[in-house]
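The values are calculated or read from the model by the stated rules, or taken from the named source; none is laboratory data. All figures in this text were calculated on a predicted structure; none of them were measured in a lab. Neighbour counts are summed over all protein chains in view; Cβ atoms, including those assigned to glycine, are modelled from backbone coordinates with ideal geometry.
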Amino acid sequence: DSGVTQTPKHLITATGQRVTLRCSPRSGDLSVYWYQQSLDQGLQFLIHYYNGEERAKGNILERFSAQQFPDLHSELNLSSLELGDSALYFCASSVGPISNQPQHFGDGTRLSIL
Amino acid sequence: DAKTTQPPSMDCAEGRAANLPCNHSTISGNEYVYWYRQIHSQGPQYIIHGLKNNETNEMASLIITEDRKSSTLILPHATLRDTAVYYCIVRNANAGGTSYGKLTFGQGTILTVHP
């Protein structure tokens, strides 16, 4: 158990819909990261928040957005969903963003678009 | 990020040591080497990381060459539960960059531990 909690574990929805994925970081961790894992792209970094502020962005689509709340939990919002958005979405957390602080991953949310 | 090269697959007998190599010849002086593994579709699991000295924890040992251009992850007594994809990652150390803090995952090494 990494201590990172993601909900829901599974999500099935239709094209054009909007969903929200939730992540609770490990106690004491200020950094939250989101990653997407699809069959053809592997694990891809989406976005990083530190103590409520966005710190880095990867190849995150404009239809996707995220935020980190004062209690440090984070949400990833995916809108206008397309079939290609079907993937595993992982959240990770770390004490902070510097290089020698490991990220610990949750068990992910499996998103299926029908 | 420094690029890493790993063999696509390896086999290991249960109870033997598994030695997983990684090349990172373009690594810069302040970048750490990280190892993660992923079992089936579970979340990646942190194993170990190091800068230039060898490191050991309860899961594994990390041996980094003196020139830092390659490293080896050692699982001393592999079990069937160690079958997974193992990722060697060089961590971006650029404090101000747009990819600050991210981990770049490659294809990894599929380690199969057999009885």
Only one of (1) away from every other protein chain (no Cβ under 14 Å); (2) in contact with a Gly (Cβ under 8 Å, 6 or more places away or on another chain); (3) buried (at least 16 other Cβ atoms within 10 Å of the Cβ) fails for B:SER61. Which number is that?
-> (2)
Can you give me the number of residues within region B:12-45 that are out of contact with any Gly (no Cβ under 9 Å at 6 or more places or on another chain) and either surrounded by fewer than 12 Cβ atoms within 10 Å (Cβ to Cβ) or polar (S, T, N, Q) (or both)?
-> 11
Of the residues in region A:1-19, how many are small (Gly, Ala, Ser) and loosely packed, with under 11 Cβ neighbours inside 10 Å?
-> 2
Can you find a residue in region B:64-77 that is surrounded by fewer than 16 Cβ atoms within 10 Å (Cβ to Cβ), more than 17 Å from B:PRO8 (Cα to Cα) and at the interface with chain A (Cβ under 8 Å from one of its Cβ atoms)?
-> no
What are the residues in region A:70-100 that are under 19 Å from A:GLN6 (Cα atoms), more than 14 Å from every other protein chain (Cβ to nearest Cβ), buried (at least 17 other Cβ atoms within 10 Å of the Cβ) and in contact with a Gly (Cβ under 8 Å, 6 or more places away or on another chain), if any?
-> A:LEU72
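Please find, among A:GLN41, A:GLN67, A:GLN103, the residue that is more than 8 Å from chain B (Cβ to nearest Cβ) and under 17 Å from B:PHE105 (Cα atoms). Give the derivation first.
Values: A:GLN67 fails: under 17 Å from B:PHE105 (Cα atoms); A:GLN103 fails: more than 8 Å from chain B (Cβ to nearest Cβ).
Just one listed residue meets the conditions, A:GLN41.
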Take region A:62-102 and flag every residue that is at pLDDT 95 or above, in a loop (DSSP other than H, G, I, E, B) and not small (Gly, Ala, Ser).
-> A:GLU62, A:ARG63, A:PHE69, A:PRO70, A:ASP71, A:LEU72, A:HIS73, A:LEU81, A:GLU82
So which residues in region B:83-100 are modelled with pLDDT under 95, of a type in the set (A, V, I, L, M, F, W, C) and either part of a loop (DSSP other than H, G, I, E, B) or over 17 Å from A:ASN100 (Cα atoms) (or both), if there are any at all?
-> B:ALA93, B:ALA95
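Which count do you get for residues in region A:20-53 that are assigned to a loop (DSSP other than H, G, I, E, B), loosely packed, with under 13 Cβ neighbours inside 10 Å and without any contact (Cβ under 8 Å) to a residue 60 or more places away in the chain?
Quick first cut of region A:20-53, residues assigned to a loop (DSSP other than H, G, I, E, B) only: A:25-30, A:39-41, A:51-52.
Now restrict to residues that are loosely packed, with under 13 Cβ neighbours inside 10 Å: A:27-28, A:39-41.
This time we only want the ones that are without any contact (Cβ under 8 Å) to a residue 60 or more places away in the chain, so: A:27, A:39-41.
The number of residues fulfilling the criteria is 4.
Look through region A:54-64, keep the residues that are in contact with a Leu (Cβ under 8 Å, 6 or more places away or on another chain) and exposed (fewer than 14 other Cβ atoms within 10 Å of the Cβ), and return whichever of them is nearest to the other protein chains (Cβ to nearest Cβ). Even if it seems obvious, please write down each step before you answer.
Step one: filter region A:54-64 for residues in contact with a Leu (Cβ under 8 Å, 6 or more places away or on another chain), giving A:57-60, A:63-64.
Subset that is exposed (fewer than 14 other Cβ atoms within 10 Å of the Cβ): A:59, A:63.
Numbers: A:ASN59: 10, A:ARG63: 20 Å.
Filtering first and then ranking leaves A:ASN59.
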